[in-house]
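The values are calculated or read from the model by the stated rules, or taken from the named source; none is laboratory data. Computed from a prediction, not measured in an experiment: that's the story for all the values here. Virtual Cβ from ideal backbone geometry, glycine too; neighbours counted across all protein chains shown.
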Amino acid sequence: MNKSGWLALVVTLAVARVVAGSVGVGAENQGSVKEFVVALPDGIESARRVVLELSEVRLPKKAAVVFRARGIEEDGVEVPLGSVGLLAHSNEAEGTVLHAALRIDVTKTMKRWQQDHPGVVAMRIRVIPYAGAEPLASLEWSVESAALTLPN
């Protein structure tokens, strides 16, 4: 698929998400990996910070995890964006914990990516939970939405 075809697909997916009322949340979730199509906010090139914000993240209290965010190129190549780590309450804790928002700083990579992809209005992002160097294939977690933001 060429760049204009991929762009049309991304825009279509983004518009479909807006219409469905769940902006940014993608449907491709396999195992503990979550994927999103997020709109690129205006002003990334001049922003002091660019943040991937995950809203309403729910996971087990006993899970210590690092969430790694990766941009997905049209050819499937993954571009590392950033990560955030969360400590477990304890290894014996039961139940789940809700984080209203998790913020992953993606400033440097997103600025460079947008310079290399002018005119693109949305990006596919994959979030993968890790324990150490290994992905957590069966972590039970959920996220309500994802968005790129430009905090002050």
Only residues in region 82-103 that are at positive phi and exposed (fewer than 15 other Cβ atoms within 10 Å of the Cβ) count as the first member; pair them with residues that are assigned to a strand (DSSP E or B) and of a type outside the set (S, T, N, Q), Cβ under 8 angstrom, at least 6 apart or cross-chain, and list the lot. GLY95/PRO60
Of all residues in region 51-97 being in a loop (DSSP other than H, G, I, E, B) and hydrophobic (A, V, I, L, M, F, W, C), which is farthest from the chain's Cα centre (by Cα)? ALA93
Mind checking which residues of region 98-131 are assigned to a strand (DSSP E or B) and either more than 29 Å from ARG58 (Cα to Cα) or hydroxyl-bearing (Ser, Thr, Tyr) (or both)? TYR130
Answer from SER32, SER22 - the residue that is modelled with pLDDT under 95, touching a strand residue (DSSP E or B) at 6+ places or on another chain (Cβ under 9 Å) and under 20 Å from ALA133 (Cβ atoms): SER32
